[in-house]
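K.L.:
Got a structure for you, questions after.
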Amino acid sequence: MHPAAHHALRELSAAGRHLTEHWSVLAGRLAGPESVVLRAGADSAAGMLTELYPMGAARDVPLEPAADALGAALGGVRGRLADRFLERNQALRAAVLDVQHVTTLLAYVEALVRNDGDDELADACAGWQERLWAHENAARGLAIAAAEDPDQAIAPADGSPVGRAAHRVASVAGAAGEWVDRQTGSAT
């Protein structure tokens, strides 16, 4: 296996775990169709990882525990900390980026391993990519549809007391930045 494919498989493990963890946490925070789409996407990503680990092992590419743990840690930090500062629409749009990273990486790995003649892994990547595209499209659609209810779109992504406080901190920081921009912009 070419080192590029080796590296990309390890990255895929981390990115897939990140997607699984982040979307699972976010699904618990957002209600309605957002929660359903995020939970389904997290489950699909987890299924991909279940199939990916033995395929990596068969190719002498270890994907656990370090690559998997890195993805879990990053997804956990985003879901449990960073998202608390975001508006609902911001959290949804950021979630779309998670799955876009994975689907793009899957296409890259597919091309790499198909060039090396590993059709089994290439076909698996194509299948995972197709399944995750459905979740990507659904999440993107929900993020765009958030514009239909602007008040709800700018509500805190995390409605808990801690989330509402973090959202206020982010709003104050944004207002301070806007004030600086207005002051600096009016001077030029």
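The values are calculated or read from the model by the stated rules, or taken from the named source; none is laboratory data. On a predicted model such as this, the values are computed, not experimentally measured, just so you know. Glycine also receives a Cβ, built like all others from the backbone with ideal geometry; neighbour counts cover every protein chain displayed. In case anyone asks, the SASA skips ligands and DNA or RNA and just uses the protein heavy atoms, side chains included. Shrake-Rupley method; radii C 1.70, N 1.55, O 1.52, S 1.80 Å.
K.L.:
Normalised by the empirical 2.2 N^0.38 Å for globular proteins, what value does the Cα Rg of the chain take? Show your work: numbers first, answer last.
P.N.:
Values: Rg = 19.0 Å, N = 188, 2.2 N^0.38 = 16.1 Å.
Dividing the Cα Rg of the chain by 2.2 N^0.38 Å gives 1.18.
K.L.:
Of all the accessible heavy-atom surface of the chain, with the other protein chains kept in place and a 1.4 Å probe, what percent is carbon and sulfur? The partial results should precede the final answer.
P.N.:
On the way: 5700 of 9410 Å².
Reported share for carbon and sulfur atoms: 61 percent.
K.L.:
Counting helices only, and only those DSSP H runs with n ≥ 4, report the 222 nm mean residue ellipticity of the chain as the sum of -39,500 (n - 2.57) divided by its residues, in deg cm²/dmol to the nearest 500.
P.N.:
When only DSSP H runs of four or more count, the value is -28500 deg cm²/dmol.
K.L.:
Another one. If R0 is 30 Å, what FRET efficiency do you get for residue 60 and residue 119 from their C-beta distance, rounded to 0.05? Each step should come with its number before you reach the end.
P.N.:
Values: r = 18 Å, r/R0 = 0.61.
So, using R0 = 30 Å, E works out to roughly 0.95.
K.L.:
Same structure, new question: In a Gaussian network model over the chain where Cα atoms closer than 10 Å are linked, find which of 22, 101, 135 has the largest mean-square fluctuation.
P.N.:
101
K.L.:
Hey, what's region 9-60 come to in accessible area per residue, 1.4 Å probe, Å²? Don't jump to the answer; show the numbers that get you there.
P.N.:
Values: 1870 Å² over 52 residues.
Per-residue value: 36 Å².
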